[in-house]
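For reference, the structure discussed in these notes is given below.
FYI, it's all coordinate maths here, none of it is from the lab. Only a predicted model underlies this, so the values are computations on that prediction, with no experimental measurement involved. Don't worry about glycine lacking a Cβ; one is built from the backbone with ideal geometry, like all the others, and counts go over all protein chains shown.
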Amino acid sequence: MHGRRPRTRELAHCLALIACAGCQGASPALSVGAVSFQESELLGLSPARRLNLGLLTSFGLAVSEGGEVDVAKPLLDLRTRERIIQRLETELKLRAAGVTEEVLEARYLTAPRCELVVRHLVLLSDRSDPEARRAEARQAAERALQQALAGDSFPELAGRVSQEPGAAERGGLLQPGREGSWVPEFWQAANALDEGEISDVVETEYGYHVLKLEERRIVPFAEVRDEVAAEVALMLGHLGDQVQAWKDSATARVRLDPDGISAWMDGVDSGITVLATWEGIHYSSAEFRRHLLGREATVGARAREEERQEVERLVMEMIRGVVLEEVAWQMGVTLSAAEEEEIRRDWLDTTARWASALGFHGGQSSEEVKASALEGLSSTRQSAMIARDELLRWAPMLSAATPVHLGS
């Protein structure tokens, strides 16, 4: 901690601040990338609230520049690693039980997956909106439904009525979807339709929809093989202890470095400080720090504040993941491009919900991001509060992407 300044220096500093109040050249009280806030814009905000504003701004800048995926690379890498390890466990169970590819395909053909081609129109309405506004949106959707049932061209109707961006150009047509692609209410409504049939008004978290099923397709086994394998592996739960023993054996040669752990805990580690080793692989403090960015903020806080035993547990957990990922690659267990895209898409769906709730969108100027961040910080709308709380769990990752600087 810094020592307390002599009182005369404090007084001089205060006088200087008063003299410069309102000056265009005054240093910002908060800056994030190209966005800065003056003290006059932050009056009444505690240091913690100012930090939160900075983190919201960091997220808003990422959205404005289309950088949501770049910001989340530590998280996406971690989720990819976790998915690969799940796949490894699945394959180990199948091999132990002697389940062949022919058995998997035969099981799948008893109840094959469907892919749906759907057009829809939506009248946007947040569930926290005033009841009158929600009623208006629902009535508009009901009118559109009656027009569709009366024979109006659904693509043209969606183009006129739907409030979804790009609906006019696509005639309301969505990318083909499978179970899990859409929110449950939407999928259930679409899956209940026959080809060419139009749904009743369907309510989701986004608003009120009217759907038309264009086509129902059977998904080839090769495209869902890994999902079927996971289902079968789940039924082989009795082999879980055997798989765990194998994983323990594969990582048994991991060794923690006591000196490296001490350096980390004392805050004097260099980026190349070795925290653990495994068969020639050195796990550095820089890698540990990066992996912590992919975990929620509370995990990283524990790594700095908890007892040595907890830090050692976290380091061991992280390097075991690295080791098992390496073993999986050696065994040929990888993720398909579709699985990698699913991980990416899940994150983009989450960030799109946050951005919508907080007023951020692509192409915003720095000033627009700034205004949205200020509004998002103070908003009492349920969707905004939920988005804000969820987003701030990733504070270290956001700050690492675009550092938040608080003025002194």
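In table form, for the structure just shown:
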| item | result |
| --- | --- |
| Rounded, prolate or oblate (a/c below 1.5 giving rounded, otherwise prolate when a/b exceeds b/c) for the chain by Cα gyration tensor | oblate |
| Around residue 62: net Lys/Arg minus Asp/Glu count, Cβ-Cβ under 10 Å | -3 |
| Sorted by Cβ density within 10 Å, fewest first, the residues 238, 361 | 238, 361 |
| Set of the stretch 59-95 residues, backbone N closer than 18 Å to the point 7 Å along the Cα-Cβ line of residue 110 | 94 |
| Sorted by Cβ density within 10 Å, fewest first, the residues 209, 120 | 120, 209 |
| Distance (nanometres) between label positions extended 7 Å along Cα→Cβ at residue 298 and residue 400 | 2.0 |
| Centroid-to-centroid separation of the stretch 381-408 and the stretch 85-153 [C-alpha atoms, Å] | 31 |
| Listed peptides 178-190, 45-57 by packing density, highest first (mean Cβ within 10 Å) | 45-57, 178-190 |
| Mean separation of Cα contacts under 8 Å, 6 or more apart, over the residue count of the stretch 293-408: relative contact order % | 34 |
| Alpha-carbon Debye profile of the stretch 114-218, log10 I(q)/I(0) at 0.12, 0.16, 0.23 Å⁻¹ | -0.35, -0.63, -1.28 |
| All lysines inside 16 Å of residue 247 as judged from Cα atoms, apart from same-chain residues fewer than 8 positions distant | 93 |
| Length gained when the stretch residue 96-residue 65 is fully extended (0.36 nm per residue, less Cα-Cα span) | 6.3 nm |
